[in-house]
1. List the helices (runs of 4 or more DSSP H) inside the stretch 1-106, counting only whole elements, that have at least 1 residues being under 20 Å from Ile163 (Cβ atoms) and hydrophobic (A, V, I, L, M, F, W, C).
2. Surrounded by 24 or more Cβ atoms within 10 Å (Cβ to Cβ) and aromatic (Phe, Trp, Tyr): which single residue out of Phe106, Phe100, Phe119 fits that description?
3. Tell me, which residue of the stretch 1-32 that is open to solvent by less than 20 Å² (accessible area, probe 1.4 Å) and either in contact with a strand residue (DSSP E or B) (Cβ under 8 Å, 6 or more places away or on another chain) or of a type outside the set (A, V, I, L, M) (or both) is nearest to Ile113 (Cα to Cα)?
4. Quick check: anything in the stretch 43-64 buried (at least 23 other Cβ atoms within 10 Å of the Cβ) and at pLDDT 90 or above?
5. Return the residues of the stretch 33-42 that are among the aliphatic types (A, V, I, L, M) and open to solvent by less than 40 Å² (accessible area, probe 1.4 Å); say none if nothing qualifies.
6. Just for the stretch 149-170: of the residues that are within 13 Å of the chain's Cα centre (by Cα) and buried (at least 16 other Cβ atoms within 10 Å of the Cβ), which one is nearest to Gly66 (Cα to Cα)?
7. Yes or no: the stretch 9-16 includes at least one residue that is closer than 23 Å to Ser89 by Cβ, of a type outside the set (A, V, I, L, M), modelled with pLDDT of 95 or more and touching a helix residue (DSSP H, G or I) at 6+ places or on another chain (Cβ under 8 Å).
8. Of (1) under 22 Å from Gly46 (Cβ atoms); (2) at pLDDT 90 or above, Val133 satisfies all except one. Which?
Amino acid sequence: MLLFINRMIRAAKLDINLYEEVEADASLTGQAMGVVILSSIAAGIGAMSKGGLAGIIWGTVFALAGWYVWAYLTYLIGTKLLPEPQTSSNTAELLRTTGFSSSPGFIRILGIIPGVTGFVYLASLLWMLVAMVIAVRQALDYTSTLRAIGVCLIGWIVQAVLIGLLYWFS
């Protein structure tokens, strides 16, 4: 358990070495999913004043779906459309690294404090986006951070549209 918590802290600290370790260790996929679930629950608790218990449940479901879709899209975009010559990866590596990039999302639990929810959610979104760029750069063996930013943004936009459509029609 302490090793798991240590990994989450290192991921939130944007430790490049952690993302390399997670990429290489296939046994950490479950832990990556655990980070996403716990981060989603923290977001739900932070938004309880608006969503209640249903917000925690739906927030967790949509976060897991979003994580999987974004990781898969990132894999396709990063390895098929915008690879660098040395790019080599698979979806499991992306799931692990992007799962741990959700670690900064734990601060969303502070959204339960009246008057700070918007600020907390914006700060966590930006922090998680930076972590995602690092995770993608490491998982796809990119030398260009700009390319990782582009892959993340393209994947995020497509994922947001897909999740939005799913939400709209559910």
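The values are calculated or read from the model by the stated rules, or taken from the named source; none is laboratory data. Please read all numbers here as calculations on a predicted model, not as lab measurements. Positions of Cβ are backbone-derived with ideal geometry, glycine not excepted, and every protein chain shown enters the neighbour counts. Note: accessible area is taken over every heavy atom of the protein model, side chains too, but ligands, DNA and RNA are not part of it. Shrake-Rupley method; radii C 1.70, N 1.55, O 1.52, S 1.80 Å.
1. Details: elements: 2-12, 16-24, 29-46, 48-76, 91-100.
It comes to 29-46, 48-76, 91-100.
2. Numbers: Phe106 fails: surrounded by 24 or more Cβ atoms within 10 Å (Cβ to Cβ); Phe119 fails: surrounded by 24 or more Cβ atoms within 10 Å (Cβ to Cβ).
Testing whether each residue is surrounded by 24 or more Cβ atoms within 10 Å (Cβ to Cβ) and aromatic (Phe, Trp, Tyr) leaves just Phe100.
3. The qualifying residue nearest to Ile113 (Cα to Cα) is Tyr19.
4. no
5. To start, the set of residues in the stretch 33-42 that are among the aliphatic types (A, V, I, L, M) comprises 33, 35-38, 41-42.
If the condition is that a residue be among the aliphatic types (A, V, I, L, M) and open to solvent by less than 40 Å² (accessible area, probe 1.4 Å), then Val35, Val36, Ala42 are the ones that fit.
6. Gln159
7. yes
8. The failed condition is (1).
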